[in-house]
1. Could you list all residues from the stretch 103-138 that are farther than 26 Å from Pro172 by Cβ, surrounded by fewer than 18 Cβ atoms within 10 Å (Cβ to Cβ) and modelled with pLDDT of 90 or more?
2. Can you pull out the residues in the stretch 127-154 that are over 16 Å from Ile51 (Cβ atoms), among the small types (Gly, Ala, Ser) and either over 29 Å from the mean Cα position of the chain (by Cα) or not in a helix (DSSP H, G or I) (or both)?
3. Scan the stretch 180-204 residue by residue and report those that are part of a loop (DSSP other than H, G, I, E, B) and surrounded by 15 or more Cβ atoms within 10 Å (Cβ to Cβ).
4. Step by step: first the residues of the stretch 603-631, then only those that are closer than 23 Å to Met513 by Cα and crowded, with 23+ Cβ neighbours inside 10 Å, then the one that is nearest to the chain's Cα centre (by Cα). Which residue is that?
5. Residues of the stretch 82-126 being of a type outside the set (Phe, Trp, Tyr), outside any loop (DSSP other than H, G, I, E, B) and free of Cβ contacts under 8 Å to residues at least 60 places away in the same chain, which ones?
6. Hey, could you check the stretch 539-554 for residues that are of a type in the set (S, T, N, Q) and over 23 Å from Cys486 (Cα atoms) and say which is surrounded by the fewest Cβ atoms within 10 Å (Cβ to Cβ)?
7. With the structure loaded, tell me whether Val440 is within 19 Å of Gly411 (Cβ to Cβ) and aliphatic (A, V, I, L, M) or whether it fails that test.
8. Only one of (1) free of Cβ contacts under 8 Å to residues at least 60 places away in the same chain; (2) not in a loop (DSSP other than H, G, I, E, B) fails for His525. Which number is that?
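The values are calculated or read from the model by the stated rules, or taken from the named source; none is laboratory data. The structure displayed is predicted, hence computed values, not measured ones. Cβ placement follows ideal geometry from the backbone for every residue including glycine, while neighbour counts extend to all protein chains displayed.
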Amino acid sequence: MKAVHKFSLLFAVMASAMFFSCSKSVSDHIVADPVADPEAAVSSGDLYFRIGLNDSEVATRLTYNDSRSMIKTKWEEDDVIYLNGQPSTSDYSYPLVLDSGAGTNVGTFRLSGTYSINSYVWALYFPGDRIREESDFLKFSYKGQVQNGNSDLSHLKEYHSVRYLRSEDVAPVNINEMTAVDFSGGNVQQSGCMKFNLSGLDPMVPAAIYLEYINPDGQIEDCFYTYNILNYYYGAFAPVQEQNSSVCLKLEGFERTTEITAYMMMSNADVKVKEGGKFRVTVVEDDGGRCYCDKLINADATLSGGELNTITCTSWTKVSDKDGMVDPANGVTVLQEKTLGNGTDIIIMGDGYSEGSVGKGSVYEMVMKQAYADFFSVEPFASLKDYFNVYYINAVSPEEHDAQPHFSGNGAVQGDAVTVFNTQFAENSTHISGNDEAAVLYAMQAIRSKGGPGGASCTDEAEIYNRAHKALIIVMVNVPCHAGTCYLRSTYTEDYGNSYSVAYSAVNSSDDMRKWTMIHEAGGHGFGKLLDEYVVYQFVTFDTGLWDNFIQTRNLGVGRNIDKYWGSTYPGPSNMVWGGTIKENAVEVTTASNVYWESLIDIYPSEETGVYEGANTYSNFYCRSTPNSIMNDQFSDKGQFFNAISRWAIWYRLMRLTGMNVGNTFESSLAGFLSFDSGLTAVRSSGDFVSTRSLVEIEPSAPPVVILGSWENGTFIE
């Protein structure tokens, strides 16, 4: 059991930082930001702005000097601030160039040329080479930070953003009222900073620091914003609402050391943490070794955006040498390498396996290899196997999982063991949650160490990131119960779910339960991006806007195995709220002639392909294509197969992922699919199945969690 230490936060003022949390004044709620008669209200020539702070002990950015309770900063020669009289665009945006004051905390900036004089809203943005309007500030990223050398601060200036806003409701503000500005108070939003004081380490050359928050319930919580956040939504300029459970600072140029002083810039957003939770600081060595320190939070606290916060760690727990992150040469196993197409990746790992359960000939190895065999035992994966790269990676937990199976056999009662992916079982449910970001890091390590041709290393970090964030990640959880949940991602730009999934599946109480739960979660939800076809609930009142959302999501590659449903026997409009684009007089009864999989109905009569009311966990308003399937009841011998529309969705997604030219719509790809599918030797499972329904009523596994995002500059943004 690792040691637990009390945690204290040093909240201090950060230079070039805002001193107060986000104000709810008009400055935070831009309803309109017009200039006042912009064509007439213009001037030209040079105008000078004094920008800084009155307190000589606190400066505004750039050259950083740490004085314990603050980071003092000074202007540099090439600094530019942008002045904007219409923050929603760059139409009235003007550069202010540092004229004097380099090396000090108060600079004189010069505005030249022709510019507007009056506006109801004026904004100042820094750094001007990256931020000129609201959209730029809200898309300012804190990812990819690298500190070069112990105690170095030079990297901070690349990740510091400042936004000063002055607005009036009644009369416009004249630009001459803006020529003396202190970057302080409620009108300013800007970056915060976390300082790490780390000592007591074994001698090492550090390569990275990770910070994550574990809440009082023991769950990893997404609380760190990776972009700037404001208290309003402004159309296309809404904040990038990406929150991660961990943030990373890479380290380069370090000598072998037992102490680290490091700095990581953070979003302007406050991070609120609860008493009884804990921060975990993990240090990664250049040879892959890892150690971590948990800091108990002894009172509710806030990491204030725009301020310097400090965390101190002195006692460390080392991660096992058997772990694939520590020893990838022995901790990563290539199970197969693709021979068709460009290939796509499956990475299998386990949670809740302590050091004694991991290694050659271990329980862990057996579970990993069995998951691999199970996954490809069912069509269409059996016939598509050669398109995949498959690996498993050792993930050693500090403790064996101690969640206890519920007496019903469904789900488990959560324990307090510390596990590498922090998998949690929801009470009275088959739902499992875990640390998806940590699973992705393990997937990246598997690809990095053995993702090249013939099991060689892959050295292109951009390729490693891209592949891991398009992979299927399977986490087998060391608890003998029926439970499983998939967290599947899709993008806003492609129609085949061009992003990763993390499928958590318990090892279950029998081989059949383990196999079919994993295939349902990983193969169906995770890779196929399929939705459930079973029924649990019934809509009493239904909003047609939900159909709009469903169709939009299906067009992005999620849920292509089901369709909306309106029955001829449904009651009148009292059951419906006409809140979507589908209006009352435009609703059609769903039949074989207008359902999504219409083209497959006559081709697959042996599967009883047609229109069956009930899907997406609801008995009404959605439909499925067959009476049963693996997405409906994987524990019935009549349901242990992917139906035709699901096989198409799996095949289509794989073809698109691996660069095969099969058309880019359902109809255009249909001929290619039918040619492939007609060659399958078996669709339904041919194995014997021993029903457990006489012993226990098996609940459906938990619905998937669907997360939408986009690829921006090679990074997946949720």
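1. Asp129, Arg130
2. Ser141, Gly144, Gly149, Ser151
3. Phe183, Ser184, Gly186, Asn187, Ser191, Leu201
4. Out of the qualifying residues, it is Asn616.
5. Within the stretch 82-126, Asn84, Ser93, Pro95, Leu96, Val97, Leu98, Asp99, Ser100, Val106, Gly107, Ala123 qualify.
6. Of everything passing the filter in the stretch 539-554, Thr541 is surrounded by the fewest Cβ atoms within 10 Å (Cβ to Cβ).
7. no
8. All conditions are met except number (1).
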